[in-house]
Amino acid sequence: MQINTENQHVQIDPRDPEFFSNPYPYYAELHEKAPVFYWEDFDLWCFTKHADVEAVLRDRRLGRKITHLASREELGWPPEREDLKPFFSIDQNGMLDSEPPEHTRLRGLVHKAFMARQIERLRPRIAEIANDLIDKMEEEGEVDLLSAFATPIPVIVITEMLGVPTENSTVLLNWSHAMVKMYQLGRTAEDEKAAVKAAEEFVTYLKEYVAERRKQPKDDLITKLIEVEEEGEKLSEDELIANCILLLNAGHEATVNVIGNSVNALLKNPEQLQLLREQAGFIPNAIEELMRYDTPLHLFRRWVLEDGVEIGGRKFDFGTEVAVLLGAANRDPDVFENPHQLDITRAKNPHTSFGAGIHFCLGAPLARLELQTALPILLERLPDLRHAEEPQYLNSYHFHGLESLRVRC
């Protein structure tokens, strides 16, 4: 890492294994020398301090979208590429990359359908899935915990909620992984082509199920999204499909990383693992601490929507793109005592892993339920769980997760 303290410009190669495997020492140095910095590799101004990250996420003068206020030409952008439209049309119709009033309408409708499922009642099903997976793990003796446990749980849960066949989960995962690569630094022409193909196939796939549910409604999320209405507003078919894709992708990507990162952190901190097994009452605290300690999503972007927005002592003009580093905010020594220490009893834990403001993660209650249910079952049933080999992290910054987690049961 190179830090120019005069202009706060920083060079960090996000594809350097030393960085993406453990970015936290870098964050600690940035906290001291450049808490607000221009990341040359990303061409972004970035915030590392908890207070600044919270401010960016909650300030309505910053948003996920800017083209509702200025055209691409006015922003100095090239015309939208025709070959990428199938991919970006999904973003444009989803609530994640929208701003009020569209965001308010979309999120309200999706939230109404999503919460109608009464998330808490999924607890027995999550426990059943976890136990079934552990049965298979015990038979094999040594497994990759990511593919054997961390991935199937959120994928099965979200596909069952939506009402699409779980047996197609491998195809859905492949589509999701291809689409996610579009948000990473240095994407290639092959990445773009794969993402567009995945987007087109994903849309075609879901359209069939939407058509089926219009004819034969069921007790699933696709049906609820078709039926949901508020003050005369409904989701268009494009909006419905885009938000189903968002729920599928977001419903597993981060949760897989949290489960993998959490188990890895506990195995590397055996005294905390032992304490967790002894003190079941600390489970809610432990889940929050594990999400803070090794955050599954590290970088989130925002557009500055007004001139002269000041955050972290620096002013930004309209059209500037900035980013918050959630993993850095979660290790801020001004907020967290001994921030680099895993402490499952930590009571004060305002971590930023689910974001904040109007784009706060809609699936946070489901993610918490999956973790609070599955992790204790895993630790109780596999008291001798241990690393089979040193795990490696994926080269996928800003998503932060393991490539594999081989364990002995």
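Which of the residues spanning the range 185-222 are of a type in the set (Ser, Thr, Tyr) and under 18 Å from Asn168 (Cβ atoms)?
Our first condition is that a residue be of a type in the set (Ser, Thr, Tyr); within the range 185-222, this holds for 188, 204-205, 209.
Within the range 185-222, Thr204, Tyr205, Tyr209 meet the criteria.
Can you work out which of the residues in the range 130-146 that are without any contact (Cβ under 8 Å) to a residue 40 or more places away in the chain and not basic (Lys, Arg) is most open to solvent (accessible area, probe 1.4 Å)?
Here is the first cut: in the range 130-146, the residues without any contact (Cβ under 8 Å) to a residue 40 or more places away in the chain are 132-133, 135-136, 139.
Those left that are additionally not basic (Lys, Arg): 132-133, 135, 139.
Working: Asp132: 74, Leu133: 20, Asp135: 64, Glu139: 155 Å².
Only one residue fits best here, namely Glu139.
Go through Ala55, Ala51, Ala28, Ala34 for me and flag whichever is of a type in the set (A, V, I, L, M, F, W, C), at pLDDT 95 or above and open to solvent by 50 Å² or more (accessible area, probe 1.4 Å). Steps first, answer last, please.
Working: Ala55 fails: open to solvent by 50 Å² or more (accessible area, probe 1.4 Å); Ala28 fails: open to solvent by 50 Å² or more (accessible area, probe 1.4 Å); Ala34 fails: open to solvent by 50 Å² or more (accessible area, probe 1.4 Å).
Among Ala55, Ala51, Ala28, Ala34, only Ala51 is of a type in the set (A, V, I, L, M, F, W, C), at pLDDT 95 or above and open to solvent by 50 Å² or more (accessible area, probe 1.4 Å).
If you take just the helices (runs of 4 or more DSSP H) that sit entirely in the range 8-119, which of them hold at least 3 residues that are among the hydroxyl-bearing types (Ser, Thr, Tyr)?
Values: elements: 17-21, 24-33, 50-58, 85-93, 102-115.
In the range 8-119, the matching helices (runs of 4 or more DSSP H) lie at 24-33.
Of the residues that make up the range 381-397, is at least one open to solvent by less than 30 Å² (accessible area, probe 1.4 Å), part of a helix (DSSP H, G or I) and either modelled with pLDDT under 90 or not basic (Lys, Arg) (or both)? Lay out the reasoning, then the answer.
Looking only at the range 381-397, we keep the residues that are open to solvent by less than 30 Å² (accessible area, probe 1.4 Å), and these are 382, 385, 388, 391, 396-397.
Those still in the list that are part of a helix (DSSP H, G or I) too: none.
Checked the range 381-397: no residue is open to solvent by less than 30 Å² (accessible area, probe 1.4 Å), part of a helix (DSSP H, G or I) and either modelled with pLDDT under 90 or not basic (Lys, Arg) (or both).
When you scan the range 280-347 for strands (runs of 3 or more DSSP E) that lie fully inside it, which ones turn up with 2 or more residues that are at negative phi and open to solvent by 40 Å² or more (accessible area, probe 1.4 Å)? Full working, then the answer.
Numbers: elements: 299-304, 309-311, 314-316, 321-325.
Counting at least 2 such residues, we get 299-304, 314-316.
Phe360 versus (1) within 15 Å of the chain's Cα centre (by Cα); (2) at pLDDT 95 or above: which is the lone unmet condition?
Against the list (1) within 15 Å of the chain's Cα centre (by Cα); (2) at pLDDT 95 or above, Phe360 comes up short only on (2).
Go through the range 195-216 residue by residue and tally those that are over 20 Å from Arg81 (Cα atoms), touching a residue at least 12 places away in the same chain (Cβ under 8 Å) and among the β-branched types (Val, Ile, Thr).
So the count comes out to 1.
Return only the number of the condition from (1) open to solvent by 30 Å² or more (accessible area, probe 1.4 Å); (2) touching a Cys at 6+ places or on another chain (Cβ under 7 Å) that Pro376 does not satisfy.
Only one criterion in (1) open to solvent by 30 Å² or more (accessible area, probe 1.4 Å); (2) touching a Cys at 6+ places or on another chain (Cβ under 7 Å) is unmet by Pro376, namely (2).
Whether any residue in the range 101-119 is of a type in the set (S, T, N, Q), open to solvent by less than 10 Å² (accessible area, probe 1.4 Å) and either more than 18 Å from His252 (Cβ to Cβ) or out of contact with any Asp or Glu (no Cβ under 6 Å at 6 or more places or on another chain) (or both) is what I want to check.
No, the range 101-119 contains no residue that is of a type in the set (S, T, N, Q), open to solvent by less than 10 Å² (accessible area, probe 1.4 Å) and either more than 18 Å from His252 (Cβ to Cβ) or out of contact with any Asp or Glu (no Cβ under 6 Å at 6 or more places or on another chain) (or both).
State which residue pairs qualify: first residue on the phi < 0 side of the Ramachandran plot and aromatic (Phe, Trp, Tyr) and inside the range 6-19, second residue modelled with pLDDT of 95 or more and not in a loop (DSSP other than H, G, I, E, B) in any location, beta carbons under 9 Å apart, and separation of 6 or more residues or different chains.
Every condition considered, the pairs that remain are Phe19/Tyr26.
Might you let me know whether the range 62-79 holds any residue that is modelled with pLDDT of 90 or more, acidic (Asp, Glu) and surrounded by 13 or more Cβ atoms within 10 Å (Cβ to Cβ)? It would help to see each step written out before you state the result.
Taking the range 62-79 and keeping what is modelled with pLDDT of 90 or more, we get 62-79.
If we keep only those that are acidic (Asp, Glu) too, we end up with 73-74.
Then keep just the ones that are surrounded by 13 or more Cβ atoms within 10 Å (Cβ to Cβ); that gives none.
Within the range 62-79 (the criterion being modelled with pLDDT of 90 or more, acidic (Asp, Glu) and surrounded by 13 or more Cβ atoms within 10 Å (Cβ to Cβ)), the answer is no, since none of the residues qualifies.
Being farther than 19 Å from Val263 by Cβ, among the polar types (S, T, N, Q) and in contact with a Lys or Arg (Cβ under 9 Å, 6 or more places away or on another chain) is the requirement here; does Thr373 meet it?
Values: farther than 19 Å from Val263 by Cβ: no; among the polar types (S, T, N, Q): yes; in contact with a Lys or Arg (Cβ under 9 Å, 6 or more places away or on another chain): yes.
Judged against the criteria, Thr373 is not a match.
Report, ordered by the first and then the second residue, all pairs with beta carbons closer than 9 Å, sequence separation of six or more or different chains, a first member in the range 54-81 that is under 18 Å from Leu325 (Cα atoms), and a second member that is exposed (fewer than 15 other Cβ atoms within 10 Å of the Cβ) and among the hydrophobic types (A, V, I, L, M, F, W, C).
Leu57/Phe360
Residues checked against (1) out of contact with any helix residue (DSSP H, G or I) (no Cβ under 8 Å at 6 or more places or on another chain); (2) closer than 28 Å to Glu201 by Cβ; (3) among the β-branched types (Val, Ile, Thr):
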{"residue": "Glu73", "(1), (2), (3)": "yes, no, no"}
{"residue": "Gly76", "(1), (2), (3)": "yes, no, no"}
{"residue": "Arg81", "(1), (2), (3)": "yes, yes, no"}
{"residue": "Leu84", "(1), (2), (3)": "no, yes, no"}
{"residue": "Ser89", "(1), (2), (3)": "no, yes, no"}
{"residue": "Pro101", "(1), (2), (3)": "yes, no, no"}
{"residue": "Leu109", "(1), (2), (3)": "no, yes, no"}
{"residue": "Ile126", "(1), (2), (3)": "no, no, yes"}
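The values are calculated or read from the model by the stated rules, or taken from the named source; none is laboratory data. Computed from a predicted model, the values in this text were never measured in an experiment. Heads up, the Cβs are rebuilt from the backbone with ideal geometry, glycines too, and the neighbour counts pull from every protein chain shown. Note: accessible area is taken over every heavy atom of the protein model, side chains too, but ligands, DNA and RNA are not part of it. Shrake-Rupley method; radii C 1.70, N 1.55, O 1.52, S 1.80 Å.
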